[in-house]
1. Pull out the extension gain between L219 and A40, defined as 0.36 nm times the separation in residues minus the alpha carbon to alpha carbon distance; nm, one decimal.
2. Among [x] 4, 20, 24, 21, 16, 10, 4, 1, 0; [y] 5, 20, 27, 24, 15, 7, 2, 0; [z] 6, 26, 36, 24, 7, 0, find the value of P(r) over Cα pairs in 10 Å bins from 0, in percent that was calculated from the structure presented, and write down its label.
3. Have a look at V136, V291, V106 and tell me which one the Gaussian network model of the chain (Cα, springs below 10 Å) gives the largest fluctuation.
4. Is it possible to state the helix-based mean residue ellipticity at 222 nm for the chain, with each DSSP H run of 4+ residues giving -39500 (n - 2.57), the sum divided by total residues, to the nearest 500 deg cm²/dmol? What is it?
5. Using a 1.4 Å probe and ignoring any ligands, DNA or RNA, find the accessible area of D266 and quote it in Å² to the nearest 10.
6. Starting from the Cα gyration tensor of region 162-201, take the square roots of the eigenvalues, sort them a ≥ b ≥ c, and report rounded, prolate or oblate (rounded when a/c is under 1.5, otherwise prolate if a/b is larger than b/c, else oblate).
7. Cross-link candidates for K212: which lysines have Cα within less than 19 Å, leaving aside residues fewer than 8 places away along the same chain?
8. Distance between the C-alpha centers of region 320-397 and region 140-157? Whole Å please.
Amino acid sequence: MTTTTGADAAIGGTASAGLSAGAGGAGGPAGAEGAEAADAALRPHAEDAFAHELAALAAADDRPRPERWRLSPWAVSTYLLGGTLPDGTAITPKYVGPRRIVEVAVATLATDRALLLLGVPGTAKTWVSEHLAAAVSGDSTLLVQGTAGTPEEAIRYGWNYAQLLAAGPSRKALVPSPVMRAMAEGMTARVEELTRIPADVQDSLITVLSEKTLPIAELGEEVQAVRGFNVIATANDRDRGVNELSSALRRRFNTVVLPLPASPEDEVGIVTQRVAQIGASLRLPPVPEAVDEIRRVVTVFRELRDGQTADGRTKVKSPSGTLSTAEAISVVTGGLALAAHFGDGVLRASDVAAGIQSAVVRDPAADGVVWQEYLETVVRERDGWKDLYRACREISA
């Protein structure tokens, strides 16, 4: 068997310098054109949206870096958690939660163990995965999106069938997967929703993670991972029983559980920050301070999620949905669009009522009853919430 390493192994003999050049990531435009393209993107990649922060961290970072890492583990953690650099550059927090969780995740990537981010929907697993890859490798786009139909080729490699039929198996005909490219370049690959992938396809990762090689049986060759390579996978812990990870595969991962925000204020802060970022990306007209309405949305979601009111005095039924922080962000963003384009520019209860009901009532039969009981026993009786009660009743009617 022939062994190959480096970029030539994955890209048919052509080194892909664009994968590791510049903050723009793989194959993207450079310089002013790259900045213009990133600015025009509806949702820029993390390495583009926060290029100035990554550059400032790299300039200030004098700590040891693992091979092929753009930043030291300390700087990667600072990028995720936020802080102020010696030159005064403010690094915005990308994750609000226990510092130790981020430190363990970053330390895992510096070893030969892969990282599995586990949590309920809306706990920022994908968000953290993307930002970790951007900070470590400068490229968050080496991504396998897990679904029930994800084929083995998405993790291993595929073929250009026109070239395969014309000349047979060859490097030129081989189409590398994101994982193969990451192995050859010493980069970070991402696998989203790992437990959504069929079990036999999941297990194609075992050799990659244990032996750090990917055999190409058709060519009698293999791709060996170079230093810097690792994998970040995410999984929804409510998907248990869908496609459970085999014990052999689970052993190859260090699992880090991302919890829901610990306190209402933490969750309000997360929603406020992300809504501001999304609003700027969507070019929504500016809306005055909306923290009071955001706090009400977060309170509704947390109480229904926890099965009791914030003061612990009243038990409430929980709906079938997760009512995650991500859903709260979506509700508030939709409300801001309504306020900006069809209201008076101020976020009000009437702007978020429909979004709240839509998030809560996923099953009209069961969740509808839960929602109506909550409206009548909690929202109706709470001081200062009459406007939200009226708006929700109008939507329900």
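The values are calculated or read from the model by the stated rules, or taken from the named source; none is laboratory data. Everything numeric in this text was worked out from a predicted model, so none of it was measured. We place every Cβ from the backbone using ideal geometry, glycine too, and count neighbours over all the protein chains shown. With ligands, DNA and RNA removed, areas are computed over all heavy atoms of the protein, side chains included. Shrake-Rupley method; radii C 1.70, N 1.55, O 1.52, S 1.80 Å.
1. On the way: separation 179, 0.36 × 179 = 64.44 nm, distance 4.19 nm.
This chain segment gains 60.2 nm when fully extended.
2. Correct label is [y].
3. Highest fluctuation of the listed residues: V291.
4. Details: 18 runs with 176 residues, N = 397.
About -13000 deg cm²/dmol.
5. Counting only protein heavy atoms, D266 exposes about 60 Å² to solvent.
6. On the way: a/c = 4.06, a/b = 1.63, b/c = 2.50.
Oblate shape, in that a/c is at least 1.5 and b/c is the bigger or equal ratio.
7. Correct list for K212: empty, as no lysines qualify.
8. So the separation of the two Cα centres works out to 37 Å.
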